[in-house]
1. For Glu203, are the conditions met, namely being farther than 21 Å from Gly326 by Cα, surrounded by fewer than 22 Cβ atoms within 10 Å (Cβ to Cβ), of a type in the set (D, E, K, R) and at pLDDT 95 or above?
2. May I ask you to say which residue of Thr190, Thr236, Thr230 is within 17 Å of Val289 (Cα to Cα), surrounded by fewer than 18 Cβ atoms within 10 Å (Cβ to Cβ) and of a type in the set (S, T, N, Q)?
3. What number of residues within the stretch 326-344 satisfy the criterion of being of a type in the set (D, E, K, R) and part of a loop (DSSP other than H, G, I, E, B)?
4. Any idea which residue in the stretch 345-355 is modelled with the highest pLDDT, counting only those that are among the aliphatic types (A, V, I, L, M) and part of a loop (DSSP other than H, G, I, E, B)?
5. Only one of Ile312, Ile319 is under 20 Å from the mean Cα position of the chain (by Cα), surrounded by 19 or more Cβ atoms within 10 Å (Cβ to Cβ) and assigned to a loop (DSSP other than H, G, I, E, B). Can you tell me which?
6. Inside the stretch 74-95, can you point out the residues that are at pLDDT 90 or above, outside any helix (DSSP H, G or I) and open to solvent by 30 Å² or more (accessible area, probe 1.4 Å)?
7. Within the stretch 97-116, track down each residue that is touching a Leu at 6+ places or on another chain (Cβ under 6 Å) and surrounded by fewer than 15 Cβ atoms within 10 Å (Cβ to Cβ).
8. Would you please name the residue that is surrounded by the fewest Cβ atoms within 10 Å (Cβ to Cβ), looking only at residues in the stretch 322-344 that are modelled with pLDDT under 95 and within 30 Å of Ser208 (Cβ to Cβ)?
Amino acid sequence: MSSCILKWRMFMELLKYAYKKYNTLSVVGMAKNAGKTVTLNRLIEEAAEAQVKLGITSTGRDGERLDLVTSTEKPTIYIHEGTLVATAAETLLASQVKLEILEVTNFNTALGQVVIARALDSGLVEIAGPTTNHQIKVAAEMMKYFGAELILVDGAINRKTAAAPSITEGTILATGAVISRNINKAIEDTLHQVRLFNLPVVEDHEMSLLARGIIEEKTFAVINQRGEITYLDIATSLNTGIIIGDAIKENSTYIIISGSLTKKTLEDIIAVSPYYKNVKIIIKDGTRVFLNSKDWGYFLKRGISLEVLDKINVLAVTINPVAPSGYSFNPRDFKEKMQEALRPIPVVDVVMEEL
């Protein structure tokens, strides 16, 4: 088999999981330096090889040479001629590629209004996308209008909300040695995140519609066996577990939470309610859960039941076996163990396979 064919097959390894199946794809990282930008660049190169016209935006600033949070060197984003971007106006000045502005949106950011632009040549860019999920979705639709066949949303600064089904149809999760010096812990934490993204979906159709309406209204409610709804006078789930727990009665069946689910909230619910095991907690999707693997296992053993309205479609997991602090895992060992833990989700080493 020729080296060209081998290179093509390797290069198409990520893109094949999304192209012609989905219109929007997010790339999110387990942590900084997990290889998210390397993954994004890999997808960009694969799209160029396959002549797929891309649209790119971000949930924050990305593509700068120096990481603004850690002050360390980070990979830049290299785009090709014809690529569409949705980015804040000020980043155009910092980009090395010539960009044609197609439309100026009314989405404001700290770096100016978000514009839709087309690359007139190839080069490095900075991307600072819209600030809200709704704006990201609208920006994606605008890039599709101008000819983008596949939209990539970069979940900058560890913002996993880019994976939410309300924004993108599928996601690629980037993880790596930076998670832990212990290879088994790095794999365990990655598996935990994938499990959160794949939490069970509410099967009761009527309850799903009811819960969606409550969550869209950004309210909280407890529903009993007769279908009666008790709305809770709270604005956020943070530090309100006692109020939620007090509202759970013997005949309660569901708790609808529009917001984040944290360790403190669950601890307080368990502390004040003798009936918490009788109810199912419903949230929007797995990006709303902020629990580590150990705490999640603890709450499951205590009888907490959690369902989501929208399941997150994890298409692949990419790994970076090298941590910026200097340690690394054996690449083959890391990939094999990660693949065994995540099967059937494919695992791709985007760092070592490019060397």
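The values are calculated or read from the model by the stated rules, or taken from the named source; none is laboratory data. Treat the numbers as computed from the prediction; the structure is a model and nothing was measured. Ideal geometry is used to build each Cβ from the backbone, glycine not excepted, and the neighbour counts take in all protein chains shown. Please note that ligands, DNA and RNA were not included when accessible areas were found on the heavy atoms of the full protein model with its side chains. Shrake-Rupley method; radii C 1.70, N 1.55, O 1.52, S 1.80 Å.
1. No.
2. On the way: Thr190 fails: surrounded by fewer than 18 Cβ atoms within 10 Å (Cβ to Cβ); Thr230 fails: within 17 Å of Val289 (Cα to Cα).
Every option except Thr236 fails the conditions.
3. Counting residues in the stretch 326-344 that are of a type in the set (D, E, K, R) and part of a loop (DSSP other than H, G, I, E, B) gives 1.
4. Only one residue fits best here, namely Ile345.
5. Only one candidate passes the filter, namely Ile312.
6. Within the stretch 74-95, Tyr78, His80, Glu81 qualify.
7. Of the residues in the stretch 97-116, the ones touching a Leu at 6+ places or on another chain (Cβ under 6 Å) are 98-100, 116.
Lys98, Glu100 - these are the residues of the stretch 97-116 that are touching a Leu at 6+ places or on another chain (Cβ under 6 Å) and surrounded by fewer than 15 Cβ atoms within 10 Å (Cβ to Cβ).
8. Restricting to residues being modelled with pLDDT under 95 and within 30 Å of Ser208 (Cβ to Cβ), the top hit is Pro344.
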